Structure formats: C-alpha cells, structure tokens
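The values are calculated or read from the model by the stated rules, or taken from the named source; none is laboratory data. Keep in mind that this is a model prediction, so the values were computed, not measured. In this analysis, Cβ positions are derived from the backbone assuming ideal geometry, glycine residues included, and neighbour counts consider all displayed protein chains. These area figures cover heavy atoms from the full protein model, side chains too; ligands, DNA and RNA do not enter into them. Shrake-Rupley method; radii C 1.70, N 1.55, O 1.52, S 1.80 Å.
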Amino acid sequence: MRPQILVVDDEPGVRKALDRGLRAEGMDVTVAADGPSALRLARTGSYDAILLDIMLPGLSGYRVLEELRSDGVATPVLLVSAKDGEVDQADGLDLGADGYVVKPFSFVVLLAQLRATLRRAASGSVRDPIRLGALTIDRKARTARYEDVDVPLSPREYALLEALALRAGTVRTKDELLHEVWGDEWAATRNVVEVYVGYLRRKLSAAGADGLLRTVRGRGYQLGEPL
C-alpha cells in the first residue's frame, strides 16, 4: 500500500515540488496551503505522515500540531521551518512532533527523515510495561508513574525515559540517545538531549524519584534506583 502523505505549506512552489517528488518515490500526496485546512484534513487520521510548515496563514503549524495531539491524533508529524534555533526545535518536539526539518532543505534529506519516520511508525508495537523499583512505564499508554504519582511527560520526554529504562543501569551516551529518540532528524543536536534530560529529571524529581536519572560525567546518562 502506498504511504498517504499530507503536505502543508503556504508556498505554492514548495507544495508542487514536494507533491511531484514524493509521488515519484511511490507515495500518495494531499496538499494544504493553510492551518485550518491542514487541521481539518489531519483530524481524519487517514494519513501515514504529515509534513507541516510552521508559518501558515490562519493557524500556525505549532497550533495545528497542538490541536491534533490534544484530539488524540497520533499521526507522525515532521515540522518544516526556516527557524533553526534549538529552542524552536525543542518547542516543536515538546508539542509532539516526530521530527524537524530546516528550510532550505535537501529533498534527499527530507525523504530520508520521512522514510525513517514511516518505518518507526510501522514497527511500533505494544510491549510489556517496564518496572524499575517504584517506577512503572506503561508502554501501551506511553505513560509513567512513580509509586502512586503520575509523571506528566511530553511525547519526547516519554521516548527518552523509555530508551533509558530499556537499558536501566547502563550508561547511555548522548549520541546513542540522539539516534534512538530523535532518529534521523538531521536538525537535532546533542545539546537537545541535554535539554530533555533536564526536563525529564525535574519531572521525575517532582514525582518523588529524585536521583533516579543520573549524569555520569564525561560518559552520558543512567537510569537506576534512586540514591
């Protein structure tokens, strides 16, 4: 079955180029030029992935993404933006984006990210919960609890916690985590890992799991029993 891709961009030239290029790669493409149209189409849940520009008339890409995730639409989204700052990337990823592509982009690079996103979505499966002492990670619901306290996590924070928990007690390097959690997102940097480790550590500590996530200086990060 051909992947169904929604391309959202307010530039006619970009829409045309992506439509032509993705169809040549064996994908079916629907295009939208503004935020409200993108949200209406994306809410159907009928697409395998969405390429979503951030700067859109009517409704920003950030807002479209936020609305989709709040509605429970889990379709993978690659944000496309001329903004390349780490804060911009973090904002988008924290809202539930699955990747971030910076304009101007190479079609080859964008295609590689899109294919990687489609592979990750296709290979996703329900697995048993992970339990580490009082920490329980529900891999079906993608949630975490410490003792009787819910740990409120963004999608990216959850993915980072799961990657660390799958090899609890092992030191994970920034490069390993960048590859596993951010995949083939060329715009992501090792500093993004550090930022999200900080987010995750604060949320775990607030739930009572202070010391569960540790920094091993010069090596990386380790998830283990609280000290």
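The table that follows gives values for the structure above.
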read-out: Relative contact order (percent, whole number), the chain, Cα cutoff 8 Å, 6+ residue spacing; value: 14
read-out: Length released on extending from Val171 to Asp71, taking residue separation times 0.36 nm less the Cα-Cα span; value: 32.4 nm
read-out: Peptides ranked, highest mean first, by Cβ atoms within 10 Å: ranges 195-204, 94-103; value: 94-103, 195-204
read-out: Long-range HN-HN contacts of Tyr100 with modeled amide H, under 5 Å; value: Leu79, Ala187
read-out: Computed [θ] at 222 nm, deg cm²/dmol, the chain (DSSP H ≥ 4; -39,500 (n - 2.57); rounded to nearest 500); value: -13000 deg cm²/dmol
read-out: Listed peptides 40-52, 212-224 by packing density, highest first (mean Cβ within 10 Å); value: 40-52, 212-224
read-out: 24 Å Cα cut-off, lysine pairs counted over the chain (separation 8 or more, or different chains); value: 6
read-out: Carbon plus sulfur fraction of accessible area for the range 94-167, probe 1.4 Å, in percent; value: 52
read-out: 3J(HN,Hα) from dihedral phi, the range 35-46, Karplus parametrisation 6.51/-1.76/1.60, rounded to Hz, x for glycine, proline; value: x, x, 5, 4, 5, 4, 5, 5, 5, 5, x, 8
read-out: Overall Cα dimensions of the range 102-184, principal axis frame, Å, largest first; value: 47, 25, 20
read-out: Tail fraction, Cα-Cα pairs, the chain, threshold 22 Å, whole percent; value: 52
read-out: Helix axis angle, 190-206 relative to the chain longest principal axis, alpha carbon, degrees; value: 50
read-out: Gap separating the Cα centres of the range 129-153 and the range 1-80, nearest whole Å; value: 32
read-out: Other-chain or far-sequence residues with amide H under 5 Å of Val151's (modelled H); value: Ala144, Arg145, Tyr146
read-out: Rounded tilt (10° steps) of 61-70 against the dominant C-alpha axis of the chain; value: 60
read-out: Electrostatic dipole magnitude of the chain [Cβ: Lys, Arg +1; Asp, Glu -1; Cα centre; debye, to 20]; value: 520
